[in-house]
1. Return the long-range amide H neighbours of L223 (sequence gap of 5 or more, or a different chain), with a cut-off of under 5 Å between placed amide H atoms.
2. Reachable lysines from K188, Cα under 21 Å, same-chain residues fewer than 8 places away excluded?
3. So for the stretch 173-279: antiparallel DSSP bridges make up what percent, rounded to the nearest 5?
4. Which distance in Å, rounded to a whole number, links the C-alpha centroids of the stretch 310-370 and the stretch 195-221?
5. Amide H neighbours of D134 under 5 Å, counting only residues 5+ apart in sequence or on other chains, H built in-plane at 1.01 Å?
6. Need one number: nm distance between label points at T155 and A239, each 7 Å from Cα along Cα→Cβ, rounded to one decimal.
7. In terms of the Cα gyration tensor, with a ≥ b ≥ c the square roots of its eigenvalues, is the chain rounded because a/c is under 1.5, prolate because a/b exceeds b/c, or oblate?
8. Give me S82, S335 sorted ascending by neighbouring Cβ count inside 10 Å, so fewest comes first.
Amino acid sequence: MTNYKIALLAGDGIGPEVMKEAVKVLELVQQRNDVTFELMPALFGASAYFDCGNPFPDETIAICDQADAILKGTIGLSHEESKNIPIELQPERGALLPLRKRYNTYANFRPVYLPKELIHFSPLKPEIIGDGIDIIMVRELVGGLYFGHKEMGITDEGLRYVHETLEYDEDQIRRVLHEAFKLAMLRKKVLHNIHKSNVLKSSVLWNEVLEEVAVEYPEVEVLHQLVDSAATQLCLNPAQFDVMVMENMFGDILSDQAGGILGSLGLMPSACIGPDKAYYEPSHGSAPDIAGQNIANPYSMIGSVAMMLENSFDMKEEANNVWNAMKGVFGDGFSTPDLSKPDSGVTMISTDAFGDKVVEKLRNMPRVSQ
Ligand code: IPM
Ligand code: MG
């Protein structure tokens, strides 16, 4: 029997609600498999700041350090509420980026996946969606503008200024490109390289390193695309993409757009992988406007559990069962009010009822042979 320690960082807003559903799934997974999970909840984000003055407290760091994997909910407050926290301690700057940095989670995998059971959520026309969408975005997660030198001040002329630099060295670029090429090898052997080398020197270096790395993966066809054009193409013809790789800020923006073509960021789980540790999180925010109402869909959160099972615990078959359970619930015509309009022909259920249905489906799936 293998025991895995999982740090649970429920976070802010809808985080605790969707985390509760993820825990139900984990509890069933351990009943069905030869594993035990030691779940270790810890404070993280604005809630941690209000509790103890630190959005990423030392106790949480200690728990994450011990964990085999980290499952994170959502963090953040509304624009207005954020003003109650000093800028450096706001949950994004004070907790999430330090988490990424501490565990050096350089490769962020964001599946943009719309199987037939979910097609009705997409705002795209049926002829554009075809049989569905199946892309994985690979976003560099610990470099670029997010982690570059930052400075604010007053010029000699008395003007406020800011410097924010987009920094990469070749090793940072190379390691994430390897992840993208390896993934492309497992899929269609086509890799879209997203860049802005007509303007940014960082993209010039990125592309140089890509040419070097590509030599090691001769079977992978590389297609180069400027990031602005990629944004258009994602809407016009998403089927042309399979694996896309890009630097941090491009990935932040394009992955939200990808959520848009699916119909919601509520349909986008993610995995953030480092050399020694990985953490898993929904790509969506904490949705303070709907927090506490039991209407947020837990798909991104439970999908992040599936990604954790596959990547951190080598349980690919059970991960597939979790995906299929969720698809099954949508396929049976259920949804939650955050994803669907009242007249959209689906049966509207709450967050916890959705989680219960996923658990029920998973319970009825054949157990994975050990
Ligand atoms: C994401 C989020 C974060 C980011 C925020 C919360 C700092 O938007 O994971 O995409 O910008 O990386
Ligand atoms: Mg984002």
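Every number here is computed from the coordinates shown, using simple stated rules; none is lab data. Since the structure is predicted, the reported quantities are computational estimates derived from the model, not experimental observations. All Cβ positions, glycine included, derive from the backbone under ideal geometry; neighbour counts span all protein chains shown.
1. Here the answer is L191, H192, N193, since their amide H atoms fall under 5 Å of that of L223.
2. K116, K316
3. Restricted to the stretch 173-279, the bridges split so that about 20 percent are antiparallel.
4. Spelled out, the Cα-based centre of one part sits 38 Å from the other.
5. For D134, whose amide H was placed from the backbone, the distant partners under 5 Å are L114.
6. It is 5.1 nm.
7. rounded
8. Going from least to most buried by this count: S82, S335.
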